[in-house]
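In what follows, a single structure is set out as structure tokens and then discussed.
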Amino acid sequence: MADVSKSVFGPEGQLDILSGVNLAVAAGESFAIVGASGSGKTTLLGLLAGLDVPTTGSIRIDGQPLEGMDEEARAAVRRRLVGFVFQSFHLLPALTAEENVMLPLELEGDDNARDKSHAALEAVGLAARRRHYPAQLSGGEQQRVALARAFVHRPRILFADEPTGNLDQHTGEHVGDLLFEMNRQHHTTLILVTHDPRLAARCARQAELREGRLGVPA
């Protein structure tokens, strides 16, 4: 990410969310973005993942410039390289845990989607709950299903937006353990946004977003 800015335009004029942000994250690294609510952390994460495009500047994933791609091309990059874990889980309520994890594989036409889903759920300790629907699972279990879904296609980069924000301390620590275990075992780059200083401190590096600029936390 080089000299990235993001602005939105409304009735009251231009609002600058990010200004001249520069960031490089190495393969296999763990990196935390911290900052106050409303500082633009989720916007920054969305730009890094190709969910949005910057107003100015350049963003590359695996050497590929995202700003020159249309949404279809960026989506193809995400399917191939990226996993995403959201604070609110984003599981489909009409699908079982197993089916939720299978979904990204089925969209790619993977013939082994069910076996890979089972293995991913086993890795997060939920193989016995694979036929349960999200409403039948606790918040911690739902987040572990979301983590299995994000990791089932072995992405090179895992983005996590407040992955423990809706969980109690004990459950949050367990989900954090799983995130960093996958980071270590598979050399997956982990980039997370968090308000939790304990989770941020577990990353190899962290930076604070303040007034649209990224810097070392005070």
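The values are calculated or read from the model by the stated rules, or taken from the named source; none is laboratory data. Here the structure is a predicted model, which means the values were calculated and not measured. Neighbour counts are summed over all protein chains in view; Cβ atoms, including those assigned to glycine, are modelled from backbone coordinates with ideal geometry. Areas reflect the complete protein model, heavy atoms only, side chains present, ligands, DNA and RNA absent. Shrake-Rupley method; radii C 1.70, N 1.55, O 1.52, S 1.80 Å.
Observations
- Restricted to the range 163-189, and to residues there that are farther than 18 Å from E29 by Cα and in contact (Cβ under 8 Å) with a residue 40 or more places away in the chain, the residue that is most open to solvent (accessible area, probe 1.4 Å) is N166.
- Selection from the range 125-162 of residues that are among the acidic types (D, E) and touching a Ser or Thr at 6+ places or on another chain (Cβ under 7 Å): D161, E162
- Scan the range 77-90 for residues that are open to solvent by 40 Å² or more (accessible area, probe 1.4 Å) and among the small types (G, A, S) and the total you get is 1.
- Which numbered condition S19 misses (of (1) part of a loop (DSSP other than H, G, I, E, B); (2) surrounded by 14 or more Cβ atoms within 10 Å (Cβ to Cβ); (3) over 16 Å from the mean Cα position of the chain (by Cα)): (1)
- When P54, P104, P11 are checked against the criterion of being surrounded by 17 or more Cβ atoms within 10 Å (Cβ to Cβ), at pLDDT below 90 and either closer than 30 Å to L137 by Cα or not aromatic (F, W, Y) (or both), a single residue qualifies: P104.
- Of all residues in the range 200-213, those being out of contact with any Asp or Glu (no Cβ under 7 Å at 6 or more places or on another chain) and in a loop (DSSP other than H, G, I, E, B) number 3.
- Scan of the range 52-72 for residues that are assigned to a strand (DSSP E or B) and more than 24 Å from F180 (Cβ to Cβ), ordered by number: T56, G57, S58, R60, Q64, P65
- Residue under evaluation M182, criteria (1) of a type outside the set (G, A, S); (2) within 22 Å of R80 (Cβ to Cβ); (3) at pLDDT 90 or above, criterion not met: (3)
- Residues located in the range 23-51, provided they are open to solvent by less than 20 Å² (accessible area, probe 1.4 Å), assigned to a helix (DSSP H, G or I) and farther than 13 Å from V4 by Cα: K41
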